[in-house]
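Comments concern the structure below.
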There are 4 protein chains.
Amino acid sequence: MISFCQFGAGRIGAIHAGNIARHPGARLAAIVDVDRPAAESLASRHAAVVRTQASALADPAIDAVVIASSTNTHADLVEAAARAGKAIFCEKPLDLDRRRAEACLAVVAECGVPLMVGFNRRFDPHFARLEGQLRDGRIGRVELLSITSRDPSPPPIAYVRVSGGLFRDMMIHDFDMARWLLGEEPVEIFAAASVLTDPAIGDAADVDSAVVTLRTGSGALCQISNSRRAVYGYDQRIEILGSKGALRADNVLLSTVAFAGAEGIVSDKPLPFFLERYAEAYRLEIDHFVDTLTRSTPPAPGGSDGVRALVLADAALQSVQTGRAIAL
Amino acid sequence: MISFCQFGAGRIGAIHAGNIARHPGARLAAIVDVDRPAAESLASRHAAVVRTQASALADPAIDAVVIASSTNTHADLVEAAARAGKAIFCEKPLDLDRRRAEACLAVVAECGVPLMVGFNRRFDPHFARLEGQLRDGRIGRVELLSITSRDPSPPPIAYVRVSGGLFRDMMIHDFDMARWLLGEEPVEIFAAASVLTDPAIGDAADVDSAVVTLRTGSGALCQISNSRRAVYGYDQRIEILGSKGALRADNVLLSTVAFAGAEGIVSDKPLPFFLERYAEAYRLEIDHFVDTLTRSTPPAPGGSDGVRALVLADAALQSVQTGRAIAL
Amino acid sequence: MISFCQFGAGRIGAIHAGNIARHPGARLAAIVDVDRPAAESLASRHAAVVRTQASALADPAIDAVVIASSTNTHADLVEAAARAGKAIFCEKPLDLDRRRAEACLAVVAECGVPLMVGFNRRFDPHFARLEGQLRDGRIGRVELLSITSRDPSPPPIAYVRVSGGLFRDMMIHDFDMARWLLGEEPVEIFAAASVLTDPAIGDAADVDSAVVTLRTGSGALCQISNSRRAVYGYDQRIEILGSKGALRADNVLLSTVAFAGAEGIVSDKPLPFFLERYAEAYRLEIDHFVDTLTRSTPPAPGGSDGVRALVLADAALQSVQTGRAIAL
Amino acid sequence: MISFCQFGAGRIGAIHAGNIARHPGARLAAIVDVDRPAAESLASRHAAVVRTQASALADPAIDAVVIASSTNTHADLVEAAARAGKAIFCEKPLDLDRRRAEACLAVVAECGVPLMVGFNRRFDPHFARLEGQLRDGRIGRVELLSITSRDPSPPPIAYVRVSGGLFRDMMIHDFDMARWLLGEEPVEIFAAASVLTDPAIGDAADVDSAVVTLRTGSGALCQISNSRRAVYGYDQRIEILGSKGALRADNVLLSTVAFAGAEGIVSDKPLPFFLERYAEAYRLEIDHFVDTLTRSTPPAPGGSDGVRALVLADAALQSVQTGRAIAL
């Protein structure tokens, strides 16, 4: 039985807490959040105790931590937890600054604790099935990968300002998926981006629409397409052309119901946003983390996956600023 | 907080037990099963206590029962629970014999306890969404209803022998769906049936393939198609033509992944069988039962729904035997 | 080069004329129609000559006739053409009266001329592909066949009155498809029907909605569903469950374009009606007829197929009137 | 009635010849081809006459020419036909060399004859329907355009060598589609390309896999993906995200038949290659050309469309060679 302390009692924190509490091999022992009422509400729901960071990390009965607090606290918490000898599950990103993230990983390495980064999409059953068939060789060698990722609507401008920008906040998931599915590291990246949905996003020095091209050492090509707005809902698709065929994972729709009327045949929209679309993925990534702790195997994706996705995000931004492909 | 005793610790029992245990407004207090090890294993999983029928029903701390034991025990248990003043959730069917089922309902009525019958498909999110759009008038008046229901493979012959036959065991779900969606009672039924998958099914005096036509008082028509074998998996579809359009609910597939190769485009199969396909429906029917108990409203489908589906099953059998449409 | 005389210059006549004229092995020599301007307009479009029935049938240069005039003229024309030694392609039905149709076939047999009946759906590329895979054994033995056939909107009441009724006018196509796909003759039929779209159809002693069950000697079952109204367009689908899998042929849509918006994902409707849906089938049935004449092989479907579909239509009507299954 | 001379009696020539011959407002009068037997065979099929270039262009009875001969003859033929005062339909490309193409357009402009370039995909009913809905404002402003275009298998190396390379030979169609759908000119292009299917393509100084990013003045982004090999067939898809929704045109499949078996649900593959996929587009572009000649309106796409697509192809190549985005 792995005993958890969770940092962060917000929206994602509540998801992780529920998944830990439900896990037969895990126990949600403590909640830490500066927002005391939120911490108490979440703790009471799962019979956990609200504690301070210091007390929780000092408690030898706590085996592992889940870090789902605000982004700017991640790196410090990872280091503190590592120094306390706790196994760490950290929501992406480790930090918006690559050097800080790398420094953080150095501490983790030094302390020898397991670290998993919350790239939950790898655990989505649809994408995992696609990846399984890819690894089984069903389509041969990967040649062209295409990732489409669109939010239903832009986040509040206040969030945009602290988000690290579209590449570090949103496309970072697609960078991780690209690395995972390509099976090799990109050696070159080109990005183009625009502000199309709301000029305020541009005023906040960010973009809302972006496309990226990746090329790997073996010549495989990848296209990523992001938008902060798709009025039909959360659009999450992957498609891979290989030497022996193609695989695609399409959107998960609200239901299989379709209406046929004078205007056409109307199917349901995709699941509205990430909490619904990736509910199962959130559950399965915690299952994986608990499982690796139980079996003393390293969890994946790990810290270096977190840093490499960040490197791609930084390079994408540099490409937009210079209008050139960036060698990696 | 509703306190439950569950009868039956088999496959369906385990599903219901899990759903009760997970419900914030319910508590799984006791398990009763003649198979003591099964009862203990299930009880230990949910911190419940193994009890005898007599002791559980005599305990005033038990508010409600879930009856998921073998079919031939349903009616007796319903009556005993009713007499003990417990709210009752009973797996379908109440009994394979209509008169016995009716007698049972008389006792329930006399005791004034709530009774819900486990026609779980009404709670499937896809079918519920279809029904919601139907009730909202999206397709106008119902004209032609079509229900396709096919099992992946026939049950063991031992089960066939005690099942009550395809109409009472399998198509009874479709009869309930038909009544629910037609919004009025059928006035006529015609059935045709064959043994096509395994002669042993015929030797057991049952059929494995059957089609039924229903007609309602207003002239709406319904076709049901059942087979005990579909090698591509559990096939569960509904389609309604109305005066202003049509609605359909298609199969739920294993994933959205598709492979495109030299032989064509291969999509995943439907979810394998009822435990997977109706997992959510099992959960939502318990939610509904707990909810109606909490709010003191009558649960649905109720006992009369159980009997009416049985009446249709009996009439279908009579139609097969006589080669005539049966007036209801 | 087969030289054709075509009877009937109406809507279907124009289709056949165009397909004959376009065929490299055929020549459209003559058009016969009591509506002289229609005949002349069609003849001039294809460099054919308007003639009288007598003169065309007496002309030894005419090898074959296409009969696409009004239904009540079919049987007389078939007999006259047969006596003149012409190969005959006759639009369905040979006659609305089965005895008249049989008498007509006796003359054809006596004269030894080839006769093809225009059950065009057998030539639809989608249905033909389905049938090809069925014959190749892809799904093993046929167990359950389901045919859905719905018109976009009811015909004018004037047409309803002379149509012979839904079973002889509309479902006759589905009866032919059922016989073709079942691969054996039905031994029993049950039908139920209603007037749901327009009371005037009932006043004309017809129905607009009907469902039929067929059973074959080997126990295979077939369900047919007809409606005169589907607001989303012409609905033409077939589905077969076999011992080793299932085959379905879905509707052909106007285009592959889909719109994703706030209300859902909107695909195009099916092709509007039979002229669009079966344009290719009309072409391919003429190709088949010309081909069989060129190679001196018998065309199919032939006269007996026409009669057998009529027998099923008559029996369906009798079933509706008696409320019983009819043995065939 | 427009009288045509067609240059080129090869595969595409035969398509155009058939479409001219079938057109009620057009007449296929002459065929010119250095391959005399091919010319005669095609001429005899359509009752046309085989002529020399000089004689055909000198004949005032010839109103228009279709140029479907080998690429290296296009520019000379366009100029000769223009000087002879003929209306010109020229297969893409005008020439592989942009300057030569521009010189050619100058002659056409000087002679004042209509010139249409054979970007047939604009006439595909599916893409035309998508474009119609786009122009009608159904999805608002174009934000992200995605074009997928994959051949079933690479062309012979001999063809690769004279093709002008993937960008000028294959992606040129996608460049035209992008310009057409974006509704404004791209201002920047980035391309990445690889040899993944056959090293011989690399030896011939070409690539077989390429992805391109376009950006327009207003910030709309476009991704194009090309491969010379997709084992599941000819893959031709377009997808547009706009401010108010998305539109997509999916592949046209061989049939609507699907097989459900133990391995999954198998749908048919896309139509095999461009002759099948764009049969209707070839017909409709000739219809458009004849129609504009008849009504004395300018045909589209015209010569400048041909040149602009070539400019994009050249810039794509330059981008691959320099690893930089190219301003246009």
Determine if region B:219-227 includes at least one residue that is open to solvent by less than 30 Å² (accessible area, probe 1.4 Å), part of a helix (DSSP H, G or I) and modelled with pLDDT of 95 or more. no
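How many residues does region C:220-236 contain that are small (G, A, S) and either free of Cβ contacts under 8 Å to residues at least 40 places away in the same chain or more than 9 Å from chain B (Cβ to nearest Cβ) (or both)?
Pass one, region C:220-236, residues small (G, A, S): C:220, C:225, C:227, C:230, C:233.
Next cut, either free of Cβ contacts under 8 Å to residues at least 40 places away in the same chain or more than 9 Å from chain B (Cβ to nearest Cβ) (or both) only: C:233.
The total comes to 1.
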Among (1) on the phi < 0 side of the Ramachandran plot; (2) surrounded by fewer than 22 Cβ atoms within 10 Å (Cβ to Cβ), there is one condition A:H126 misses while meeting the rest; what is its number? (2)
Residues located in region A:131-168, provided they are part of a loop (DSSP other than H, G, I, E, B) and not charged (D, E, K, R): A:G137, A:I139, A:G140, A:P152, A:S153, A:P154, A:P155, A:P156, A:S163, A:G164, A:G165
Scan region A:317-325 and tell me whether some residue there is open to solvent by less than 40 Å² (accessible area, probe 1.4 Å), closer than 26 Å to A:V252 by Cβ and at pLDDT 95 or above. no
Residues B:E276, B:E184, B:E280, B:E239: which one is assigned to a loop (DSSP other than H, G, I, E, B) and either within 13 Å of chain C (Cβ to nearest Cβ) or open to solvent by 30 Å² or more (accessible area, probe 1.4 Å) (or both)? B:E184
Regarding B:T292, is this residue open to solvent by less than 10 Å² (accessible area, probe 1.4 Å) and either closer than 25 Å to C:R215 by Cα or of a type outside the set (D, E, K, R) (or both)? yes
Limited to region C:242-267, what total is found for residues that are surrounded by 18 or more Cβ atoms within 10 Å (Cβ to Cβ) and in contact with a Gly (Cβ under 7 Å, 6 or more places away or on another chain)? 7
Of (1) in contact with a Cys (Cβ under 7 Å, 6 or more places away or on another chain); (2) open to solvent by 50 Å² or more (accessible area, probe 1.4 Å); (3) of a type in the set (D, E, K, R), B:D95 satisfies all except one. Which? (2)
Among the residues of region C:21-35, which ones are among the basic types (K, R) and part of a strand (DSSP E or B)? C:R27
Pull out all pairs, ordered by first then second residue, where Cβ-Cβ is under 9 Å, the residues are six or more apart or on different chains, the first lies in region A:81-105 and is farther than 15 Å from A:P299 by Cα, and the second is basic (K, R) and open to solvent by 10 Å² or more (accessible area, probe 1.4 Å). A:P93/A:R168; A:L94/A:R100; A:L96/A:R168
Residues in region A:252-272: is at least one assigned to a helix (DSSP H, G or I) and either among the aliphatic types (A, V, I, L, M) or in contact (Cβ under 8 Å) with a residue 24 or more places away in the chain (or both)? no
Would you check which residues across region A:106-123 are over 15 Å from A:H173 (Cα atoms) and either open to solvent by less than 40 Å² (accessible area, probe 1.4 Å) or within 14 Å of another protein chain (Cβ to nearest Cβ) (or both) and list them? A:V107, A:V108, A:V113, A:L115
Just to be sure, is A:V195 open to solvent by 10 Å² or more (accessible area, probe 1.4 Å) and either touching a strand residue (DSSP E or B) at 6+ places or on another chain (Cβ under 8 Å) or among the small types (G, A, S) (or both)? yes
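Looking at C:I88, C:I67, C:I62 in this structure, which one is open to solvent by less than 10 Å² (accessible area, probe 1.4 Å), over 30 Å from B:R229 (Cα atoms) and touching a Lys or Arg at 6+ places or on another chain (Cβ under 9 Å)?
Numbers: C:I88 fails: touching a Lys or Arg at 6+ places or on another chain (Cβ under 9 Å); C:I67 fails: touching a Lys or Arg at 6+ places or on another chain (Cβ under 9 Å).
Result of the check over C:I88, C:I67, C:I62: C:I62.
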Going residue by residue through region C:30-37, is there one that turns out to be more than 22 Å from C:H173 (Cα to Cα), acidic (D, E) and under 23 Å from the mean Cα position of the chain (by Cα)? yes
Do we have B:A246 as at the interface with chain C (Cβ under 9 Å from one of its Cβ atoms) and touching a Phe, Trp or Tyr at 6+ places or on another chain (Cβ under 8 Å) here? yes
Scanning region A:199-218 for residues that are open to solvent by 10 Å² or more (accessible area, probe 1.4 Å) and in a loop (DSSP other than H, G, I, E, B) gives A:A204, A:A205, A:D206, A:V207, A:G217, A:S218
Going through region B:22-46 one residue at a time, which ones are in contact with a Leu (Cβ under 8 Å, 6 or more places away or on another chain) and at pLDDT below 95? B:H46
Number of the exception - C:L166 against (1) closer than 21 Å to C:V211 by Cα; (2) without any contact (Cβ under 8 Å) to a residue 24 or more places away in the chain: (2)
Could you run through region B:143-178 and say how many residues are open to solvent by less than 20 Å² (accessible area, probe 1.4 Å) and among the basic types (K, R)? 1
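The values are calculated or read from the model by the stated rules, or taken from the named source; none is laboratory data. Treat the numbers as computed from the prediction; the structure is a model and nothing was measured. Glycine also receives a Cβ, built like all others from the backbone with ideal geometry; neighbour counts cover every protein chain displayed. These accessible areas exclude ligands, DNA and RNA; they are computed on the full protein's heavy atoms, side chains included. Shrake-Rupley method; radii C 1.70, N 1.55, O 1.52, S 1.80 Å.
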